[in-house]
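Enquirer: One structure follows; several queries about it will come next.
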Amino acid sequence: MRNHARALALIATLSVSTAYAQDPKGDVAWDLLAGLTSEVGPRMPGSEAEARARVWAEARLKALGFSNVAVEPFKIRGYVRGRDEGSLLAPIPFKLAITALGYSGTTPEKGIEGDVVYFPTLDALKAAPAGSLSGKIAFIDHAMKRNQDGSGYGPYGQVRRAGPAIASGKGAIGVVIRSIGTDSHRNPHTGGTTFPDGVKPIPAGAVSNPDADLIARIARSGKAIRLSLTLTGKTTDNLPSGNVIGDLPGRDPSLPPILLGCHLDSWDLGTGAIDDAAGCAIITAAALKAQEGGAPLRTIRVLWAGSEELGGFGGKAYAEKHSEPHALAMESDFGASRVWRVQFNMADKALTDRIAAALSPMGIVRGSGKADGGTDVEPVIERQKLAVVDLNQDGTHYFDLHHTPDDTLDKVDPAELAQNVAAWAEVLKVVANEAGPIAAAP
Ligand SMILES: [Zn+2]
C-alpha cells in the first residue's frame, strides 16, 4: 500500500513536470494565447465578451511596450446565439449534434418540423426546381477532405456560405448542412452564412460529420426522413465592435509601416485558441522579436481586428480609417501549426530572394502562388495595392477543430507556436529594415 502511494506520488510529480514543459511561462506568444483564451474566453463579434477582449488587448499591448495603442470602434450586424437543438424524428429518433450558423433565421421556441430533402452536393441543390422545397427542410452534404494547404475550405465552404440562401429561394422552411470540417467527432462546426437582400432568412444549422453520415446513409436507403429544428438565435443590428492597433516605432518615421493582421473575435463553441488567438499571439510576439538587436528602420503595426467571423468587418473598418500609406501587409489566421511555405506578392525579386533565404534553414519552402494576406488585411491591400508575404501553415488538421467546441488551448503545440514566431521574425527583420520602396508585383 505504501509502495502504491509512493508510485502515485511519483506519477503526480512526472505529470506536473510534463505539464510545465507544455506551458512555457514567460513566452510572449504562449502568454498571449493562454491569456486571451483563459481570461476572456469565447468572443463573438459584437458581444460583451468581444468588448472585454478589446479592453484586455489594449492593456496587454501597452504592457508589452507598444505605442499608439488604440481601440477603433465600429458597429456591426451580429448574431446572438440562442438555443440550438435538432432531432431526427423518422425513420429513427436521434438527437443531433447541431449548431446554428451565424445569421441563421429564427425558429419559434417550440421549433419547426419538416420532411427532409437530401442533396449530395451544392450543385444538386442549385439544380432543384423552383418551389420544389416548399414546406421542406433541405439537407446539404459535401465531400471536403483534409489538405495541407486547407484549400477545401474555399469550394466546400460554399455549402455553408451560400447553401441556406439557395434553399430558401426554393421554398425550404429550414436547412441543415454537413459541417464544413474534416474530423469524425460529434462536434458541429459553426460559421457565418449569408442571406442576400430579398432572400428570406430561414433557420440554418450544421450537424457533426457522424450525424451527417447517418443522414446520408438513411437517404441512400430510400427511407423518408423527418426532423425537428429549434434554433432561437437572432440577427441583431448595431452591435458594438472594434479593432485594436499598436505600433513598435521604427528608426525612420518617414517610411511607411509594415502591417500585421489577426482577429480578436472568435466563435463561441470553444475559446477561439487556433481561430484566432494564435494568430494575434504569433504576430505580436514576432513584432517584438524583430526588435532584438535594436529597432528596425520601419514601424511595425499590429492590427487585432474585430468581427472577422461574420464578414470581415474589422478589416474593412481599418482600410476606411487608415488612408496613410503602408508598405506591406501580412496576416496570421490559420491556427498554430508549423509554417511550411512562403509566398509573395512583391515587385522586388531580390527582396523575395532574401526573405526566402532567411526562411530556408527552417525548412520553409518557396511557393509559386500569389500571396493575398487574408480577410483582415485584404481591404487595405486592395485599396493601397500593397505588397504581401504569406507564411502558409500546415492546415492538415485545422478543419478538424475550426469553429468547434474543440478549438481550445490544449490543441496548440508550444513548439509549433514558437516556430511560427521565429519564421515571422525572420521575415520582419528583412522587410522592416528595407529602406527602398516595397511594392506589389505589377
Ligand atoms: Zn479566423
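The numbers here are math on the coordinates, done by the rules we state, and not lab data. Since the structure is predicted, the reported quantities are computational estimates derived from the model, not experimental observations. Heads up, the Cβs are rebuilt from the backbone with ideal geometry, glycines too, and the neighbour counts pull from every protein chain shown.
Enquirer: What ranking do 158-169, 280-291 get when scored by the average of other Cβ atoms within 10 Å per residue, highest first? Mind dumping the intermediate values first?
Expert: Details: 158-169: 22.6, 280-291: 25.8.
Output ranking for 158-169, 280-291: 280-291, 158-169.
Enquirer: Among Ala90, Asn209, Ala278, whose Cα lies farthest out toward the positive end of the dipole of the chain, if unit charges sit on the beta carbon of Lys, Arg (+1) and Asp, Glu (-1)?
Expert: So the residue furthest toward the plus end is Ala90.
Enquirer: For the chain, find the longest principal axis of its Cα atoms and tell me its angle to the long axis of helix 349-359, 0 to 90°, nearest 10.
Expert: 80 degrees
Enquirer: Where the only charges are on Cβ atoms (+1 Lys, Arg; -1 Asp, Glu), what is the dipole of the chain about its Cα centre, to the nearest 20 debye?
Expert: 840 debye
Enquirer: Also, I was wondering about something else. In this model, which of Lys75/Lys385; Lys234/Lys370; Lys62/Lys234 are farther than 32 Å apart at the alpha-carbon?
Expert: Working: Lys75/Lys385 26 Å; Lys234/Lys370 38 Å; Lys62/Lys234 36 Å.
Table pairs above 32 Å Cα-Cα are Lys234/Lys370; Lys62/Lys234.
Enquirer: Which length gain, in nm to one decimal place, applies between Leu89 and Arg161 when the Cα-Cα distance is subtracted from 0.36 nm times their residue separation? Intermediate results must be reported in sequence, preceding the final value.
Expert: On the way: separation 72, 0.36 × 72 = 25.92 nm, distance 2.68 nm.
Length difference between fully extended and current span is 23.2 nm.
Enquirer: Over 10 Å intervals from 0, what percent of Cα-Cα pairs in region 346-442 sits in each interval?
Expert: Calculated P(r), rounded to whole percents: 12, 39, 33, 14, 1.
Enquirer: Once you charge only the Cβ atoms, +1 for Lys and Arg and -1 for Asp and Glu, what is the size of the charge dipole of region 195-305 about its Cα centre, to the nearest 20 debye?
Expert: Numbers: 10 positive and 11 negative charges, 92 e Å.
For region 195-305, the charge dipole is close to 440 debye.
Enquirer: From Cα pairs below 8 angstrom and at least 6 apart in sequence, can you work out the relative contact order of the chain, rounded to a whole percent?
Expert: On the way: 1078 pairs, mean separation 90.2, N = 442.
Relative contact order of the chain: 20 percent.
Enquirer: Of Thr404, Asn68, Gly293, which is farthest towards the positive pole of the chain's charge dipole, taken about the Cα centre with +1 and -1 on the beta-carbons of Lys, Arg and Asp, Glu respectively?
Expert: Value: Thr404.
Enquirer: Please state, to two decimals, what the Cα-based radius of gyration of region 114-184 comes to when divided by 2.2 N^0.38 Å (N = residues).
Expert: Numbers: Rg = 12.5 Å, N = 71, 2.2 N^0.38 = 11.1 Å.
Output field value: 1.12.
Enquirer: Please give the helix 209-221 orientation as an angle from the longest Cα principal axis of the chain, in degrees from 0 to 90, rounded to the nearest 10.
Expert: 30 degrees
Enquirer: From the residues Ala224, Leu125, Ser151, which one has its Cα farthest along the dipole of the chain in the positive direction, the dipole being from +1 and -1 charges on Cβ of Lys/Arg and Asp/Glu about the Cα centre?
Expert: Ala224
Enquirer: With all pairs of different alpha carbon atoms counted, what Kirkwood hydrodynamic radius in Å does the chain show?
Expert: Values: mean 1/r = 0.0435 Å⁻¹.
Taking every pair of different Cα atoms in the chain, averaging 1/r and inverting gives 23.0 Å.
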